[in-house]
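Read through the structure below, which is laid out as structure tokens, and then see the notes.
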Amino acid sequence: MENYEYILETEHVSKYFGELEVLKDINLKVKKGEVICIIGPSGAGKSTYLRSLNQLEKITSGKIFIKGDLFLHREKGKTVERIDKAKQKQLLLEMGMCFQRFNLFPHKTVLDNVMLAPITVKKEQPKVIREEALELLRQVGLEEKANEYPNRLSGGQQQRVAIARALAMKPEIMLFDEPTSALDPELVGDVLQVMKGLAQSGMTMLCVTHEMGFAKEVADRVIFMADGIIAEEGVPDKIFNNPENERTKSFLKSILNA
Amino acid sequence: MKILKKVVNVKGWQKATKRNIVILVLVIIAAAVLSVMKPEKEAMLSCTSEEVQNMIAQDENSSRKRVTITYNSLVVINYCSVSSSGAREISERFIGFFGKTYPANEGAAKVIGQMVNYTYRMLGCGENVMHGAKLTILLTALTILIGVVLGIFLALGKISKKKLLSKLCSGYIFFFRGTPLLIQLFVIYFSVPSMLGFAWRDLFSAGDNQAVYKGAFVAALIAFALNSGAYCAEIVRAAIQSIDKGQYEASKALGMSYGQTMSKVIIPQSIRRMIPPVCNEFIMVLKDASLVFAISLMDITTISKNIMTSEGSYLVFIPALIIYLVITACFTYVFDKIEKKFSVYE
């Protein structure tokens, strides 16, 4: 058994953009296999929070633990506890990420996109990783597109390749940063289907999303963020049907009436 | 390998490419026919006057030659001149074309003959690689090759977060773009050896009678490559900075280091964007290469200038221009094709 209680834990995470405080003392504990959807109005700091988890944004202060190990500890914009580089990288690789705009590598084929990181970062044998990559592409339903370049794919297909690419590093946590926001409405379904399958397979997921239907159906916990704080959290049923916070109420009202 | 496959895949070619290839093949066939048809040296010499033929026959048995024979074979056309100096000055010129030899001692035929002769010399035909167009192209190609590699490192240095490295690279670029290439060439060729106490020809063995030229070539190459590196650095920097930020984020999220991100993701994508400006830079360097006349390398410009002074022919610069134009046209076409091949994913 693994010797940790929470696979991901953040303590007092805050973040400034200049004078502007975009994250205010965020505490979150995520159990293994939990699916968490983060919702909230734009500018609430949802994406910033997600991106600071894997260091795409540098937090100003706070602690981040991955699988019980300290991953990052910063205070007032400076790293206070130095963590062994190799250890930190290993922890970083426990997190896979999908972006709103996919960010596939346009100069590589779909298959090469999936294979690049395992080959360069983990130094795995191309022959071995090739089979795994094809299997992942099969999972997301794009095996026959393996030798196409990303620009020949629809947005939904590109996002599914991006999911396969992140999964190729065998992460234990998947971060989704508005994965369906840049997609045409009819393409959203396929991506959500893949994410649903992933959730059912026991993957720990943090999902910034505007797909309330998906959050209701799949999430174990929904977090409502506003103005850089977690305004309210709870099971989907409670958040969507019995919100307590005024901001949550007005947000849901504006979304559901749109 | 992929590029090779694409080139071989005839079905995938565009209509215009096919047409151009057909035209090119026809031109080559026509040129081949004409080059086979044109009269050889002996045939042309047999058209000379009886007096000259006697002199040539006498020359064969004596060690002291009285007649100078120039024979230039330029693809489809031949030029032959026979001259002797001394008591009896003779000068007979001929052009050979399509199986016939025509006298070229006056009028339009004389001009054509001269042009053939000048072009032949400016292209560096019948000489080693240190002559004429061959030297120009070799110098340019090597300059760009070194310049792009140097430019990539300079650009990476300039955008680096390490302050000192960044300042150094910026300073280098500022210096080489801010001073004239000709003076840089002089500094490398004259000043540096005099300061350090060596000569460029010493790089090659003393017995090599081309050592002076080879030494000058090395000096020119160094000066041009250093200069071109600065220009290429700006090209590379612009290309790297035009790559979407998301590419860095995706690479970082996948655990790739800065070096891996650069070498596997960013630079391969930048190269596609670098091709048009590097093509431009290539053509700039090709033209700037004419500056080597200042250090007596025998490039197109130097040869045309020498012809002008030694033979008093002011028309020589026109074929020189045309040769430069043809070379740039060829390279522009090739670069165009490369650019299209690389654009599959954009």
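The values are calculated or read from the model by the stated rules, or taken from the named source; none is laboratory data. These numbers were taken from a predicted model, which means no experiment stands behind them. A quick note on method: Cβ atoms are made from the backbone with ideal geometry, for glycine too, and the neighbour counts reach across all protein chains shown. Keep in mind that these areas ignore ligands, DNA and RNA; they rest on the heavy atoms of the full protein, side chains included. Shrake-Rupley method; radii C 1.70, N 1.55, O 1.52, S 1.80 Å.
Some notes on this structure:
- In summary, B:Lys161 fulfils each of the numbered conditions (1) under 30 Å from B:Lys38 (Cβ atoms); (2) part of a loop (DSSP other than H, G, I, E, B); (3) of a type outside the set (Val, Ile, Thr); (4) open to solvent by 40 Å² or more (accessible area, probe 1.4 Å) with the single exception of condition (1).
- If the condition is being in contact (Cβ under 8 Å) with a residue 40 or more places away in the chain and of a type in the set (Val, Ile, Thr), then the range B:92-126 contributes B:Thr101, B:Val111, B:Val116, B:Thr119.
- For A:Ile26, the conditions (1) open to solvent by 60 Å² or more (accessible area, probe 1.4 Å); (2) more than 20 Å from A:Leu93 (Cβ to Cβ) are fulfilled apart from (1).
- The set of residues in the range B:205-255 being of a type in the set (Gly, Ala, Ser), surrounded by fewer than 17 Cβ atoms within 10 Å (Cβ to Cβ) and more than 14 Å from every other protein chain (Cβ to nearest Cβ) consists of B:Ser205, B:Ala206, B:Gly207, B:Ala238.
- Selection within the range A:200-213 - crowded, with 22+ Cβ neighbours inside 10 Å and touching a Ser or Thr at 6+ places or on another chain (Cβ under 9 Å): A:Val208, A:Thr209
- Here is the figure for the range A:105-126: residues that are open to solvent by less than 20 Å² (accessible area, probe 1.4 Å) and not in a helix (DSSP H, G or I) total 2.
- Scanning the range A:57-104 for residues that are in contact with a strand residue (DSSP E or B) (Cβ under 8 Å, 6 or more places away or on another chain), within 14 Å of another protein chain (Cβ to nearest Cβ) and part of a loop (DSSP other than H, G, I, E, B) yields a total of 5.
- Criterion (touching a Pro at 6+ places or on another chain (Cβ under 6 Å) and more than 14 Å from every other protein chain (Cβ to nearest Cβ)) met by exactly one of A:Val188, A:Val222, A:Val235, A:Val128: A:Val222
- Close pairs from the range B:2-21: first among the basic types (Lys, Arg), partner at pLDDT below 75 and open to solvent by less than 70 Å² (accessible area, probe 1.4 Å), Cβ under 8 Å, at least 6 apart: B:Lys6/B:Gly12
- Residue within the range B:325-345 that is among the small types (Gly, Ala, Ser), within 14 Å of chain A (Cβ to nearest Cβ) and over 26 Å from B:Leu182 (Cβ atoms) present: yes
- Residues that are in contact with a helix residue (DSSP H, G or I) (Cβ under 8 Å, 6 or more places away or on another chain) and in a helix (DSSP H, G or I), drawn from the range B:103-135: B:Val111, B:Gln114, B:Met115, B:Tyr118, B:Thr119, B:Arg121, B:Met122, B:Leu123, B:Gly132, B:Ala133, B:Lys134, B:Leu135
So that you can scan it fast, the table gives a plain yes or no per residue for (1) within 14 Å of chain B (Cβ to nearest Cβ); (2) among the β-branched types (Val, Ile, Thr); (3) surrounded by fewer than 18 Cβ atoms within 10 Å (Cβ to Cβ); (4) not in a helix (DSSP H, G or I):
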residue: A:Lys170; (1), (2), (3), (4): yes, no, yes, yes
residue: A:Leu175; (1), (2), (3), (4): yes, no, no, yes
residue: A:Thr180; (1), (2), (3), (4): no, yes, no, yes
residue: A:Lys196; (1), (2), (3), (4): no, no, yes, no
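- Yes/no for A:Arg152 being farther than 21 Å from A:Lys46 by Cβ, in contact with a Cys (Cβ under 9 Å, 6 or more places away or on another chain) and within 14 Å of another protein chain (Cβ to nearest Cβ): no
- Look at (1) surrounded by fewer than 21 Cβ atoms within 10 Å (Cβ to Cβ); (2) touching a residue at least 40 places away in the same chain (Cβ under 8 Å) and you find that A:Met225 fails only one, number (1).
- Filtering the range B:289-341 to residues that are open to solvent by 70 Å² or more (accessible area, probe 1.4 Å) and hydrophobic (A, V, I, L, M, F, W, C) leaves B:Phe293, B:Leu315, B:Phe317, B:Ile318, B:Leu321, B:Ile322, B:Leu325, B:Val326, B:Cys330, B:Val334.
- Some residue of the range A:39-46 being among the small types (Gly, Ala, Ser), surrounded by fewer than 20 Cβ atoms within 10 Å (Cβ to Cβ) and assigned to a helix (DSSP H, G or I): no
- Residue check: B:Leu297 meets all listed conditions (1) outside any helix (DSSP H, G or I); (2) within 14 Å of chain A (Cβ to nearest Cβ); (3) touching a Leu at 6+ places or on another chain (Cβ under 9 Å) but one, namely (2).
- For the range A:141-168, the tally of residues that are within 28 Å of A:Leu8 (Cβ to Cβ) and part of a loop (DSSP other than H, G, I, E, B) stands at 1.
- Filter result for B:Leu286 (modelled with pLDDT of 90 or more and loosely packed, with under 14 Cβ neighbours inside 10 Å): no
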